[in-house]
Amino acid sequence: MGTGDNGRHNVIDLTQEMKDAVNNALTDKVPCILATASPDGKPGVGFRGSMMAYDNSSLAYWERTFRRSAENVLANPHVVILYRNPQTRTAWKFFGRAEVHTDGAVRDDVMNRVVQAELDRDPDRKGAAVVVRLDRIESMAGEILMSVDE
């Protein structure tokens, strides 16, 4: 993996620690928090118990309600996901662009990987998969750990 002159990674490649932490966040009682913004800049924030490491450079979650967060993501795909576990003193901010998948293979793949407790809250499976293609990961102090050069 290449690094820039500052020693940071110039690609996103989630560490195994990050993947395990996000994938177990609900079980560990520290669900991830999703921050969105409406087209006119009004912020929105909410817990996402279904958050998962989708691949080495993306997170994903199951959007079952299609309320404000989904509306915001459709209008403004720039999001931030916060993971924080006070017991392990581990925390990251994941920045990226959200893609909503209402049908197809990606939707099915995410749905099949969602933790059962969250999927049970959508018994008719009317939700959609949201994949967040990451472009930056920061520590809680704002140190850039990984970023994609644009």
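General observations
- Counting only Cβ charges, +1 for Lys and Arg and -1 for Asp and Glu, the dipole size of segment 56-140 around its Cα centre is about 340 debye.
- In order along segment 102-118, phi translates into HN-Hα couplings of 8, 7, x, 5, 5, 4, 4, 4, 5, 4, 5, 9, 5, 4, 4, 4, 6 Hz, rounded to whole numbers, per the Karplus curve 6.51 cos²θ - 1.76 cosθ + 1.60 with θ = phi - 60° and x for Gly and Pro.
- Rounded to the nearest 20 debye, dipole of the chain from Cβ charges on Lys, Arg, Asp, Glu: 520
- For segment 123-144 and segment 34-87, distance of Cα centres in Å: 6
- In segment 16-137, lysine pairs with alpha-carbon atoms under 24 angstrom apart (chain gap of 8 or more, or interchain): 4
- Percent RCO, i.e. relative contact order, over segment 16-137, from Cα pairs under 8 Å lying at least 6 residues apart: 28
- Expressed as a fraction of 2.2 N^0.38 Å, the value expected for a compact globular protein of N residues, the C-alpha radius of gyration of segment 1-90 is 1.20.
- In terms of overall dimensions, the C-alpha atoms belonging to segment 63-109 reach 37, 24, 19 Å along their principal axes, ordered largest to smallest.
- Amide H contacts of LEU59 (H built 1.01 Å from N, in plane; Pro and chain starts excluded): TYR54, VAL132, LEU134 sit under 5 Å, all sequence-distant by 5 or more or on other chains.
- Relative intensity of the chain on a log10 scale, I(q)/I(0) at q = 0.08, 0.09, 0.17, 0.20 Å⁻¹, equals -0.21, -0.27, -0.96, -1.30, per a Debye sum over C-alpha point scatterers of equal strength in the absence of solvent.
- Sparse-neighbourhood loop sites, trypsin sites (Lys or Arg not before Pro) in segment 1-101 - DSSP loop, at most 13 other Cβ within 10 angstrom: LYS29, ARG67, ARG89
None of the figures in this text is laboratory data; all of them are computed from the coordinates on show. Keep in mind the model is a prediction, meaning the values are calculated, not measured. Cβ: placed from backbone, ideal geometry, glycine included. Neighbour counts: every protein chain shown.
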